[in-house]
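**Student:** Take this structure first; my questions come after.
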Amino acid sequence: MTTLLRETHLAPPDLLPSAVQDAARYLGAQTTVYLADYSQSVLVPMPVGPETAPVLPIDSTLAGRAYRMLTVQSAEAAEEPHLWMPIIDGVERLGVLKLVVRDPADLTDPAFQKRCWWFTHYLGHMISIVDAFGDAVDKVRRQRPRSVSAELIWQLLPPLTAGTDKVLVSGKLEPSSTVGGDVFDYALSDDTARFAILDATGHDLRSGLAAATALAAYRNSRRQGRGLFDQTEAIHRAVRDEFAGRMYASGIVGQLDLRSGLLQYLSAGHPPPLLLRGGKVVKTLSGGHRPLLGLDTGSVEIAEESLEPGDVIALYTDGVTEARDPEQQFFGIDRLVDFLEREAAQGTPLPETVRRVCRRIMEYQNGVLQDDATVLLLHWTTTGQELLDPTI
């Protein structure tokens, strides 16, 4: 790790793979860095020199399994014995690191695997850092052209997955290359998880501008210490004043007390969240109504719900339930509920559940969405974090 730190101190992002190779020699391994593309369907190698390794599907390869389930995978019988080590930054999955070893015995050596784990975890932090001041990481992950609206939204999003010792949150937008008016945000502290999901009307750059305006207003109000009512009103006023009735947004703004489990939320013309308890959807959270953001309204009441440890709140935009197959049949709430319950029964890690939901929505519409589809899961837990710690 010292070598990696030294070689990346003043290096541009595109030299990161070479620095990783140099540092990995002290582990007795050769490396290839693979990053997940933005749609989280393939693992793409970061280039070192003119030759590049092949792109690997996430759903059907050993490397993909390491990424999906955050477990170390070994290929002992391969021509080049190697490990696939998940690359994470905190609890956010970024890709996998292939480590080809000289001695096959290293593959089953716990001490060697532990050193590789620390090395790879540190690499995850470095990837996030260098991504902020160059385009090399983005060029690898961007496997499709991106619309201007999607470019705007992606630059505003928080990490897709984050967590503390009390809560986990994970979200995803589809399609990643042309997303228009969907956006989400969150802020985690020791005692509170604050969150919002917003969906501006339309599907073009104006939608992206309205979503960006709504998000900026939400963050500004939240960071000033305002409560849910004032946060929602700030979004409403920003959309109303900037777009003068030409654009509106639906949304849910909420907060969870991580000590008591008290959930408070406001819903502005948005699909109601689902409450999962014990792996089953036990309730639809249908309180706290107000009209669309951008439309003036009268009194608004904040809804409350008491959660139990282990509960998951599932938020989504109408692009999920209103996704249509070739026969024009909606995906619907029942399919979403069934999917979430099956993934919970399998013990699927939270970010992988989100990825699979979005993949299912894309497949349901043969890869072409009529509307943006966004999912955001919030898990009040002290044990779910274990699934996001790569298993050695």
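**Student:** What figure, in Å² to the nearest 10, do you get for the accessible area of E7 with a 1.4 Å probe and non-protein molecules left out?
**Tutor:** Per-residue accessible area (E7): approximately 70 Å².
**Student:** Select from E79, E151, E233 the residue whose mean-square fluctuation is largest in a Gaussian network model of the chain (Cα-Cα springs shorter than 10 Å).
**Tutor:** E79
**Student:** Further question: Among 364-376, 200-212, how do they line up by average Cβ neighbours within 10 Å per residue, starting with the highest?
**Tutor:** On the way: 364-376: 19.1, 200-212: 21.6.
The peptides rank, most packed first, as 200-212, 364-376.
**Student:** Per-residue accessible area for L285 at 1.4 Å probe radius, Å² rounded to 10?
**Tutor:** 0 Å²
**Student:** Counting just the Cα atoms, what span does the range 230-382 cover along each of its three principal axes? Round to the nearest Å and put the largest first.
**Tutor:** Here the Cα extents, ordered largest to smallest, are 45, 44, 20 Å.
**Student:** Over the Cα atoms of the range 329-386, what radius of gyration and what Dmax do you get, in Å?
**Tutor:** For the range 329-386, the Cα radius of gyration and maximum Cα-Cα distance read 12.5, 39 Å.
**Student:** May I pose another question? Below 26 Å Cα-Cα, how many Lys pairs turn up in the chain? Only count pairs eight or more apart in sequence, or on different chains, if you could.
**Tutor:** The result is 9.
**Student:** Under a GNM of the chain (C-alpha, springs under 10 Å), which listed residue has the highest mean-square fluctuation: V137, V167, V183?
**Tutor:** V137
**Student:** Helix-derived [θ] at 222 nm for the chain: sum -39500 (n - 2.57) over DSSP H runs of at least 4, divide by residue count, nearest 500?
**Tutor:** Mean residue ellipticity at 222 nm (helix-derived): -10000 deg cm²/dmol.
**Student:** Something else now. Contact order normalised by length for the chain, with contacts defined as Cα pairs under 8 Å and 6 or more residues apart; what percent is it?
**Tutor:** 15 percent
**Student:** Could I ask something else about it? Measure nothing fancy, just the Cα-based angle from helix 350-364's long axis to the longest principal axis of the chain, in degrees from 0 to 90, nearest 10.
**Tutor:** Taking the Cα atoms of the chain, the angle to 350-364 is about 70 degrees.
**Student:** What is the pair-distance distribution P(r) of the range 1-111, computed from all Cα-Cα distances in 5 Å bins starting at 0, with each bin given as a whole percent?
**Tutor:** Reading upward from the zero bin: 2, 12, 20, 25, 22, 13, 5, 0.
**Student:** Considering every pair of different Cα atoms, what Kirkwood radius, in Å, is found for the range 163-261?
**Tutor:** Computed over Cα pairs of the range 163-261, the Kirkwood hydrodynamic radius comes out at 14.1 Å.
**Student:** Given a 1.4 Å probe, how much area per residue of the chain is accessible, in Å²?
**Tutor:** Per-residue value: 43 Å².
**Student:** Full extension from H9 to Q155: what is 0.36 nm times the residue separation minus their Cα-Cα distance, to one decimal in nm?
**Tutor:** 50.1 nm
**Student:** log10 I(q)/I(0), Debye, Cα-only the chain, no solvent, q = 0.11, 0.13 Å⁻¹?
**Tutor:** -0.81, -1.09
**Student:** For the range 59-111, what D do you get in µm² per second when you plug the Kirkwood radius from alpha-carbon pairs into Stokes-Einstein at 25 °C and 0.890 mPa s? Write out the running numbers ahead of the final one.
**Tutor:** On the way: Rh = 11.4 Å.
Value of D from the Cα-based Kirkwood radius: 215 µm²/s.
**Student:** Separate question: Using Cα springs under 10 Å in a Gaussian network model of the chain, which residue among G180, G254, G310 shows the largest mean-square fluctuation?
**Tutor:** Looking only at G180, G254, G310, the largest GNM fluctuation is found for G310.
**Student:** Can you pull the percent of the chain's accessible area that's carbon plus sulfur, 1.4 Å probe, other chains left in place?
**Tutor:** Working: 8530 of 16810 Å².
Exposed carbon and sulfur together represent 51 percent of the surface.
**Student:** Ignoring ligands, DNA and RNA, how do T297, T232 rank by accessible area with a 1.4 Å probe, largest first?
**Tutor:** Order by accessible area, largest first: T297, T232.
**Student:** In the neighborhood of I197, defined by Cβ-to-Cβ distances under 10 Å, what is the net charge if each Lys or Arg adds +1 and each Asp or Glu adds -1?
**Tutor:** Value of the local net charge: -3.
The values are calculated or read from the model by the stated rules, or taken from the named source; none is laboratory data. Small disclaimer: the values here were computed from a predicted structure and weren't measured. FYI the Cβ positions are ideal-geometry reconstructions off the backbone, even for glycines, and counts take in every protein chain you see. All accessible areas refer to the heavy atoms of the entire protein, side chains included, with ligands and DNA or RNA removed. Shrake-Rupley method; radii C 1.70, N 1.55, O 1.52, S 1.80 Å.
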